[in-house]
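Here's the structure, in structure tokens; my notes come after.
Only the coordinates and a few stated rules stand behind these numbers; no lab work does. It should be emphasised that the depicted structure is a prediction, and the values quoted were computed from it without experimental measurement. Using ideal geometry, Cβ is built from the backbone for each residue, glycine included, and neighbour counts are taken over all protein chains shown.
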Amino acid sequence: MGINLVKGQKIDLTKGRSSLSSVMVGLGWDPVEKKKSGGFLGGLLGGGASGAEVDCDASVLLLDENGKLQSKKNLVYFGNKASQDGSVVHSGDNLTGAGEGDDEVINVNLNAISPSVHKLVFVVNIYQAKQRKQDFGLIQNAFIRLVDNGTKEELVHYNLSENYAGKTSLFPGELYRHGSEWKFSAVGEGTSDLDIGSIANKYL
């Protein structure tokens, strides 16, 4: 079981783990139930199929030391599933979030990340949020977790427990360089950005 983080907490991933070279970043969420079925845990137990159909999309921004996106090729999302250096690979789109476990998975090869990349910012958006009149008040049980791809050990787990009603984008966490080490920060911020394209433009 990984270390459970709270909002704002940071953890050194690679210190003391010389063998850590690749991590799986799992992001998950469940639709809020339309009817009570099993209480708060209903979504976790597979009851989410009766909830609102909300299509959440996970993305990653690979930023330089100045916090800038040097190229749109360093925006990894369902429309561009690999970063320019090939170190970050998106597993593909999940349309509903129903069911247990990770809804979208992003694999990060830490050793292959370009030296010019200093931070990986993870984002979750609601697809067509404005057109569908949806926000993160329709989502529950959101989390981000990191797993060592070599040992399959879960390193960290962060449950986004705040109420994000009215928000259409979530920034669950960041991976960033600290000297020769890689750290993870539990961010947990919600914004009103409507799509990953408009978010990316802020970093250009």
Enumerate the lysines that residue 167 could reach by cross-link, defined here as Cα to Cα under 16 Å, with residues fewer than 8 away along the same chain left out.
130, 133
Exposure proxy order (Cβ contacts within 10 Å, fewest to most) of 195, 64
64, 195
What residues qualify as long-range amide H neighbours of residue 9, i.e. H under 5 Å apart, gap of 5 or more or another chain, H built at 1.01 Å from N?
186
Neighbourhood net charge (13 Å Cβ-Cβ; Lys/Arg +1, Asp/Glu -1) for residue 174:
+4
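What is the packing order of peptides 165-175, 80-90, taking the mean over residues of other C-beta atoms within 10 Å and listing the highest first?
Values: 165-175: 20.5, 80-90: 17.7.
Order by mean packing, descending: 165-175, 80-90.
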Kindly write out, for region 136-147 in residue order, the coupling ³J(HN,Hα) from the Karplus curve 6.51 cos²θ - 1.76 cosθ + 1.60 (θ = phi - 60°), rounded to whole Hz, with x marking Gly and Pro.
6, x, 8, 10, 9, 6, 6, 8, 10, 9, 10, 10
As straight-line cross-link partners of residue 73, the qualifying aspartates and glutamates (C-alpha separation under 15 Å, not fewer than 8 residues apart within one chain) are 64, 85
J(HN,Hα) series, region 57-74, from Karplus relation 6.51 cos²θ - 1.76 cosθ + 1.60, nearest Hz, glycine and proline x:
10, 8, 9, 9, 9, 9, 10, 7, 5, 9, x, 10, 8, 5, 8, 4, 5, 9
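For the chain, what does the helix formula give at 222 nm: sum of -39500 (n - 2.57) over DSSP H segments with n ≥ 4, over the residue count, nearest 500 deg cm²/dmol?
Working: 2 runs with 11 residues, N = 204.
Counting only the DSSP helices, I get -1000 deg cm²/dmol.
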